[in-house]
Amino acid sequence: MKKELEAIQAEVLQALKQINTQDQLESLRIEYFGRKGKLTDVMKGMGKLSKEERPIIGKLANEIRSSLSDAFEAAKTALDSKQQGQQLKAESVDITLPGRKPTLGKAHPVMQILQRIEEIFMQMGFQVVTGPEVETEHYNFDALNTPPDHPARDLHDTFYLTDGHLLRTHNSPVQIRAMENQQPPIRIIVPGKAYRVDYDVSHTPMFHQVEGLLVDRHVTFSELKGVLVSFARQMFGDQTQMRFRPHFFPFTEPSAEVDISCTVCQGKGCRSCGHTGWIEILGAGAVDPEVFRAVNYDPEEVTGFAFGMGVERIANLQFRIPDIRTFYENDLRFLNQF
Ligand code: PHE
């Protein structure tokens with residue numbers, strides 16, 4: 001039995017040298033120490049030994065078992081640290097490699113222009129307010145003196161939703177909302193999206209407008225001119241000329257379309273301005289008394305002016321792109337140029 005025990009010890013020590021993985025180590029442990037293991041078997045045979053032999057062999061068996069179990073422990077530790085070393089090596093980072101530069105977002109070109117427009121009017125004391133893009137026919141048309149039979153209400157131009165709702169076709173309905181919410185004096189601009197059924201090189205179905213409204217006692221048309229000329233010179237340069245052409249809007253009387261001297265040829269006439277020297281940038285006028293009546297203001301007491309401009313149009317004057325639809329195609333090669 002002594003020989004058997006010593007043979008097992010030698011076997012196990014030899015086998016431990018061949019072990020490469022935790023799994024192999026575990027099967028070896030079961031092979032010798034398990035319930036049906038080789039060492040366990042030998043120990044079971046101890047009952048058959050004589051009284052004299054039993055303590056000696058018992059002692060030897062215990063020594064062998066404990067020395068083997070130390071050897072297992074040592075093998076396990078060695079495997080662990082070997083594994084850890086391999087893992088560290090596999091996950092190692094080369095800190096000498098140059099880093100990757102994170103791409104930074106920036107404002108969309110149309111937003112850059114919108115922010116500049118807001119800045120200029122805020123310096124003149126205008127407050128920035130916003131309103132809903134889903135509007136009612138009342139705010140978008142009726143309260144703005146645009147009756148149901150008016151051609152502007154045509155299905156052709158307007159995205160109608162259900163229950164008398166629509167996508168606002170301009171930012172003018174916010175004039176009405178502002179006047180319902182506060183008493184004069186009012187001095188606001190309304191930046192935001194508007195929608196029209198339109199799609200060509202100079203129109204997208206969604207576009208941006210900045211509406212302006214000023215209401216107080218004794219406001220005159222010359223103040224409207226003063227504000228707009230000041231805006232145009234800050235936006236397009238000190239030399240910019242401005243002209244007002246008579247026009248019609250249901251919600252202003254008198255009304256005008258407003259042109260600036262062409263930013264390409266400075267008014268001499270070129271392809272950009274159709275050889276006229278002028279480029280239209282906005283619509284404006286004195287607030288129609290009917291609009292004041294719709295919000296219970298007394299037109300004998302207050303007067304005011306309003307204007308509305310298209311932001312993509314102005315962005316295009318600054319950036320000169322052949323097709324404004326490219327603003328909304330989300331091609332980074334295009335957008336990164338601004
Ligand atoms: N709402 C008009 C448009 O979208 C612009 C405008 C606003 C005209 C205010 C006059 C006064 O065309």
Inset, instruction - In whole angstrom, note down how far apart the Cα centers of the stretch 124-176 and the stretch 78-121 are. - result: 45 Å
Inset, instruction - Would you mind telling me which residue in 238, 154, 94 has the biggest mean-square fluctuation in a Gaussian network model of the chain, where springs connect alpha carbons within a distance under 10 angstrom? - result: 94
Legend entry - Whole-angstrom Cα spans of the chain along principal axes, big to small: 130, 47, 37
Legend entry - Whole-Å distance, taken between Cα centres, linking the stretch 46-64 and the stretch 186-213: 100 Å
Inset, instruction - Restrict the search to the stretch 68-121; then list the GluC sites (Glu not before Pro) that DSSP places in a loop and that have at most 13 other Cβ atoms within 10 Å of their Cβ. - result: 91
Inset, instruction - Over the chain, average the accessible area per residue using a 1.4 Å probe and give it in Å², no decimals. - result: 58 Å²
Inset, instruction - Quick one: pull the percent of accessible area on the stretch 1-71 belonging to carbon and sulfur, 1.4 Å probe, ligands and nucleic acids left out. - result: 53 percent
Inset, instruction - Take 108, 218, 138, 170 and sort them by solvent-accessible surface of the protein heavy atoms, 1.4 Å probe, largest at the top. - result: 218, 138, 108, 170
Legend entry - When each of 51/76; 3/51; 193/225; 106/268 is checked by Cα-Cα distance, pairs over 27 Å: 51/76; 106/268
Legend entry - Residue of 252, 276, 96 that the Gaussian network model of the chain assigns the largest fluctuation, springs spanning Cα pairs under 10 Å: 96
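Would you calculate a helix-derived [θ] at 222 nm for the chain, using -39,500 (n - 2.57) for each DSSP H run of n ≥ 4 and dividing by the full residue count, to the nearest 500? Write out the running numbers ahead of the final one.
Numbers: 11 runs with 137 residues, N = 338.
Estimated from H runs of four or more residues: -12500 deg cm²/dmol.
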Inset, instruction - Among 305, 251, 33, determine the one that fluctuates most according to a GNM of the chain built with springs between C-alpha atoms less than 10 Å apart. - result: 33
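The values are calculated or read from the model by the stated rules, or taken from the named source; none is laboratory data. Nothing here was measured: the structure is a model prediction, and the numbers come from that model. Glycine gets a Cβ as well: all are built from the backbone with ideal geometry, and neighbour counts include every protein chain shown. We work out accessible area using only protein heavy atoms, side chains counted, and drop any ligands, DNA or RNA first. Shrake-Rupley method; radii C 1.70, N 1.55, O 1.52, S 1.80 Å.
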